[in-house]
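A.B. asks: First the structure, then my questions, so here it is.
The values are calculated or read from the model by the stated rules, or taken from the named source; none is laboratory data. Worth saying up front: this structure is predicted, and the values here are computed from it rather than measured. We place every Cβ from the backbone using ideal geometry, glycine too, and count neighbours over all the protein chains shown. For accessibility, only protein heavy atoms count, side chains too; no ligands or nucleic acids. Shrake-Rupley method; radii C 1.70, N 1.55, O 1.52, S 1.80 Å.
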Amino acid sequence: MYKNLAGRAVLAWVTACFLSPAFSQTPAPHAPLKIGFVYVTPVTDAGWVRQHEEGRKAVDAALGAKVKTTFVENVAEGADAERVIRDLAQQGNKLIFTPSFGYMEPTLKVARDFPDVKFESITGYKPAANVATANARYYEGRYLAGIAAGRMTKTNVAGYVAGFPIPEVLQGINAFTLGMRSVKPNAKVIVVWLNEWFDPPKERDAAMALFNQNADVVAFHTGSTAVMAAAQERGKMAIAYHSDMRKIAPDAQIVAVTHRWGGYYTQRAKAVLDGTWKSGNLWGGVKEGMIRVGDFGTKVPKAVQQEVLARQQDIAAGKLQPFRAVAGDVRDNEGYVVIAKGAQLNDEQILKMNWLAEGVQGRVTR
């Protein structure tokens, strides 16, 4: 009897050991990495936020059950942003993407209180131990769009609806102008400042005002599709920004300058998962696949499409730099030499840009 009891005890102990978590051959699954995204406007079918939402979806598609992503939309820059970012950190998100320039300071402030959370400040420029910064070289796409606009314009006048006069926007205006004037030396670009990133009625009104000033093509650096819709309504041409906008402006779109975040976001999420995440600063462009020009409209001749795509390949190969003076000095619109013949701006100079190129009608407060 005692022998049978002992045998049963041993069997029970062995069974318990192999069924317990410590001895199980199948390890318990890890909880998914929680990732938060903060969006400065509502999620729409096209635009700045749409491109980042596509990036979030790419993370889900690539990493599946390893991650759990969430987003908060239409978050104003400033105090609202800090509150939302802090809430995401408190909810257990260990990686938080904040893609708007005005989120930079709130991100840094929250990051100091959550050292175990990784933050990605997109378009920000101030890193920290747990805050990485990243941006795209939008100006490379702007230069290519300028070539397309120069080939398509009949009035030699383009309009540009701009949000705020920060370096990123100035880079785009200047690259667009230099690209346009590389094929139409006498072309001019009229800038309208909105001091808003997202205000569809104001964006539309600005585009209409530019058309009334003889512009037959417009570009923009704002967050909605209103400029494209205005061009479609007036029978004019426009450069789509952020997303392909042919659904909104099937006859007006010349080309789209788009930015792609899926690859970068997925790479950074993988780094958190495998413990290799480090703070850094990436400024990627055509070469890195973060900037792309394409989605030509039906009215753009094949020869123009081929020219633009060839120049895009030149940028990817390092053969073409938008801010290199090749034929002669590059001057600003006040007559000062800003790039001497044969010279090229370095990244620090581009990031601090505070001038408008010759051919631009507009002013920048220095």
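A.B. asks: Regarding Glu168, is this residue free of Cβ contacts under 8 Å to residues at least 40 places away in the same chain, of a type in the set (Asp, Glu) and open to solvent by 10 Å² or more (accessible area, probe 1.4 Å)?
C.D. replies: Answer is no for this residue.
A.B. asks: List the strands (runs of 3 or more DSSP E) inside the stretch 247-340, counting only whole elements, that have at least 3 residues being within 27 Å of Gly55 (Cβ to Cβ).
C.D. replies: 253-259, 281-284, 291-294
A.B. asks: Within the stretch 91-109, track down each residue that is open to solvent by less than 20 Å² (accessible area, probe 1.4 Å), part of a loop (DSSP other than H, G, I, E, B) and over 30 Å from Phe176 (Cα atoms).
C.D. replies: Selection gives Asn93 alone.
A.B. asks: Could you list, in sequence order, the residues of the stretch 227-246 that are buried (at least 23 other Cβ atoms within 10 Å of the Cβ) and outside any loop (DSSP other than H, G, I, E, B)?
C.D. replies: Answer for the stretch 227-246, where residues must be buried (at least 23 other Cβ atoms within 10 Å of the Cβ) and outside any loop (DSSP other than H, G, I, E, B): Val227, Met228, Ala230, Ala231, Met237, Ala238, Ile239, Ala240, Tyr241, His242.
A.B. asks: Can we say Gln344 is over 17 Å from Gln171 (Cα atoms) and open to solvent by 90 Å² or more (accessible area, probe 1.4 Å)?
C.D. replies: No; evaluated as a whole, the condition is false for this residue.
A.B. asks: For the stretch 34-52, which residues satisfy the criterion of being modelled with pLDDT of 95 or more and surrounded by fewer than 19 Cβ atoms within 10 Å (Cβ to Cβ)?
C.D. replies: If the condition is that a residue be modelled with pLDDT of 95 or more and surrounded by fewer than 19 Cβ atoms within 10 Å (Cβ to Cβ), then Lys34 is the only one that fits.
A.B. asks: Looking for whichever is over 30 Å from Ala128 (Cα atoms), open to solvent by less than 70 Å² (accessible area, probe 1.4 Å), more than 17 Å from the chain's Cα centre (by Cα) and not basic (Lys, Arg) here; the options are Val293, Val326, Val330. Which one fits?
C.D. replies: Result of the check over Val293, Val326, Val330: Val330.
A.B. asks: While we're looking at this one, here's another question. Pairs needed: first member in the stretch 251-272, farther than 17 Å from Gly285 by Cα and of a type in the set (Val, Ile, Thr); second member anywhere, open to solvent by 10 Å² or more (accessible area, probe 1.4 Å) and part of a strand (DSSP E or B); C-beta distance under 8 Å; at least 6 residues apart or different chains.
C.D. replies: Ile254/Met237; Val272/Leu33; Val272/Lys118
A.B. asks: Consider only pairs whose beta carbons are under 6 Å apart and that are at least six residues apart or on different chains; among these, list those whose first residue lies in the stretch 94-112 and is in contact (Cβ under 8 Å) with a residue 60 or more places away in the chain and whose second residue is among the hydroxyl-bearing types (Ser, Thr, Tyr).
C.D. replies: As it stands, the answer is Thr98/Thr107; Thr98/Ser121; Phe101/Thr123, since those pairs meet every condition given.
A.B. asks: Starting from residues that are open to solvent by 10 Å² or more (accessible area, probe 1.4 Å) and closer than 25 Å to Ala175 by Cβ, keep the ones in the stretch 125-137 and report whichever is nearest to the chain's Cα centre (by Cα).
C.D. replies: The qualifying residue nearest to the chain's Cα centre (by Cα) is Asn135.
A.B. asks: What residue, of Arg112, Arg142, is at pLDDT 95 or above, part of a helix (DSSP H, G or I) and open to solvent by 20 Å² or more (accessible area, probe 1.4 Å)?
C.D. replies: Being at pLDDT 95 or above, part of a helix (DSSP H, G or I) and open to solvent by 20 Å² or more (accessible area, probe 1.4 Å) holds for just one of Arg112, Arg142, which is Arg112.
So that you can scan it fast, the table gives a plain yes or no per residue for (1) closer than 18 Å to Arg311 by Cβ; (2) of a type in the set (Val, Ile, Thr); (3) touching a helix residue (DSSP H, G or I) at 6+ places or on another chain (Cβ under 8 Å):
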position: Ala162; (1), (2), (3): no, no, yes
position: Gly172; (1), (2), (3): yes, no, yes
position: Thr177; (1), (2), (3): yes, yes, yes
position: Ile190; (1), (2), (3): no, yes, yes
position: Asn195; (1), (2), (3): no, no, no
position: Glu203; (1), (2), (3): no, no, yes
position: Leu210; (1), (2), (3): no, no, no
position: Phe220; (1), (2), (3): no, no, yes
